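Following: one structure in structure tokens, then a few remarks.
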Amino acid sequence: MGKLKAAALCVWGFGTAGVYTLAAFVPIVLLAPFSPTGRAPYAVGKIWSRLIFLTNRVHLETSGLNNIDPQRSYVFMANHVSHLDPPAVALAIPNILHFIGKLSLSRIPIFGPAARRAGVIFIDRGDSQKSRAELSRTIAALQNGVSTLFFAEGTRSPDGQLLPFKKGGIMLALQTGLPIVPVTVTGSYALFPKKQRFIRPGTVHVEIGKPIDVAGFTPEDRDRLLLQVRSVIQENLNRYNQAQSQSPAALAQRPRPASTLHLS
């Protein structure tokens, strides 16, 4: 892609996202005090997500919706490779989601305050006691379909490969008794990887796994549960990568073996 086109896409993407964030801020702030469950401001956030995808010509595909009940609460745990992942899972999952985000995001002007009022829980990784207190305040809201979502790696993967998982989602599930649902996001890395300043058009796929019942598990089992969730997501990523490597476009780009001239 040429530098001029990349620069134009960058200005377009960030410019429109800024306009949508400003437009969403007012209704979110006004609705938040009258919506104890966060349903109303979260609905505005989903409209914001849909506009981001439409504006940048990003198509969303979802599978596994039959695995979850919109009226039941869960702890969703997903991989994370792109800034497109949060809007993708917000649009794909019908449950109201309280996203767990790093504290630095809350300092982004307009976006941070709007996201907080839309139900995002910002935690300070350097202060585990404060982080636990923030999560504890969300527990009472996790009922009747209101759920929480952790990007289990804690940050975007720089190369699309799965990073080690943090235990926060597992511990919250054990504390609340809510089932854990593995969520696999694919395609977003090719469109908007870390350090890239523009969004390519294309398709993002969100695969919702089968809930993992935590009944009978204790905090001592957290590593085993973490491995189980990570294995499901890793298997889905491996299947996606294999399919991509065998696609006609990928095969066409593979170097052909040099031809040999036989002289008789």
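Just so it is clear, none of the values below were taken in a lab; they were calculated from the coordinates. None of these values were measured; they are calculated from a predicted model. Quick reminder, even Gly has a Cβ in these numbers, built from the backbone with ideal geometry, and neighbours come from all protein chains shown.
Taking θ = phi - 60°, what integer Hz values does the Karplus form 6.51 cos²θ - 1.76 cosθ + 1.60 yield along segment 74-90, in sequence order, with x for Gly and Pro?
Values, residue by residue: 9, 10, 8, 10, 10, 7, 8, 10, 7, 5, 7, 5, x, x, 5, 6, 5 Hz.
So for each of 5-12, 109-116 I average, over its residues, the number of other beta carbons within 10 Å; can you give me the resulting order with the highest mean first?
Numbers: 5-12: 13.2, 109-116: 17.2.
Ranking, from highest mean packing down: 109-116, 5-12.
Can you grab the distance from the C-alpha centre of segment 111-125 to the C-alpha centre of segment 138-205, Å, no decimals?
Cα centroid to Cα centroid, the span is 15 Å.
Using modelled backbone amide H atoms (1.01 Å from N, in-plane), which distant-in-sequence or interchain residues come within less than 5 Å of THR203's amide H?
Amide H neighbours of THR203: HIS59.
With a ≥ b ≥ c taken as the square roots of the eigenvalues of the C-alpha gyration tensor of segment 1-81, please select rounded if a/c is under 1.5 and otherwise prolate if a/b is larger than b/c or oblate if it is not? Could the numbers behind the result be given before it?
On the way: a/c = 3.06, a/b = 1.37, b/c = 2.23.
Oblate is the answer for segment 1-81, as a/c is 1.5 or above yet b/c matches or exceeds a/b.
Given the alpha-carbon gyration tensor of the chain, what are the semi-axes of its equivalent ellipsoid in whole angstrom, ordered largest first, with each equal to the square root of 5 times an eigenvalue?
Numbers: eigenvalues 232, 126, 50 Å².
Those come to 34, 25, 16 Å.
HN-Hα J couplings of segment 157-173 from phi, Karplus 6.51/-1.76/1.60, θ = phi - 60°, integer Hz, Gly and Pro as x?
For segment 157-173, the Karplus curve yields 5, x, 10, x, 8, 5, 8, x, 8, 7, 9, x, x, 5, 5, 5, 4 Hz.
For a quick check: with amide H placed at 1.01 Å from N, whose amide H comes under 5 Å from HIS98's, ignoring anything fewer than 5 positions away on the same chain?
Here SER147, THR148, LEU149 satisfy the definition.
What does the helix-only formula give at 222 nm for the chain: each DSSP H stretch with n ≥ 4 adding -39500 (n - 2.57), the total divided by the residues, and the result rounded to the nearest 500 deg cm²/dmol? Mind dumping the intermediate values first?
Values: 9 runs with 116 residues, N = 264.
It lands at -14000 deg cm²/dmol.
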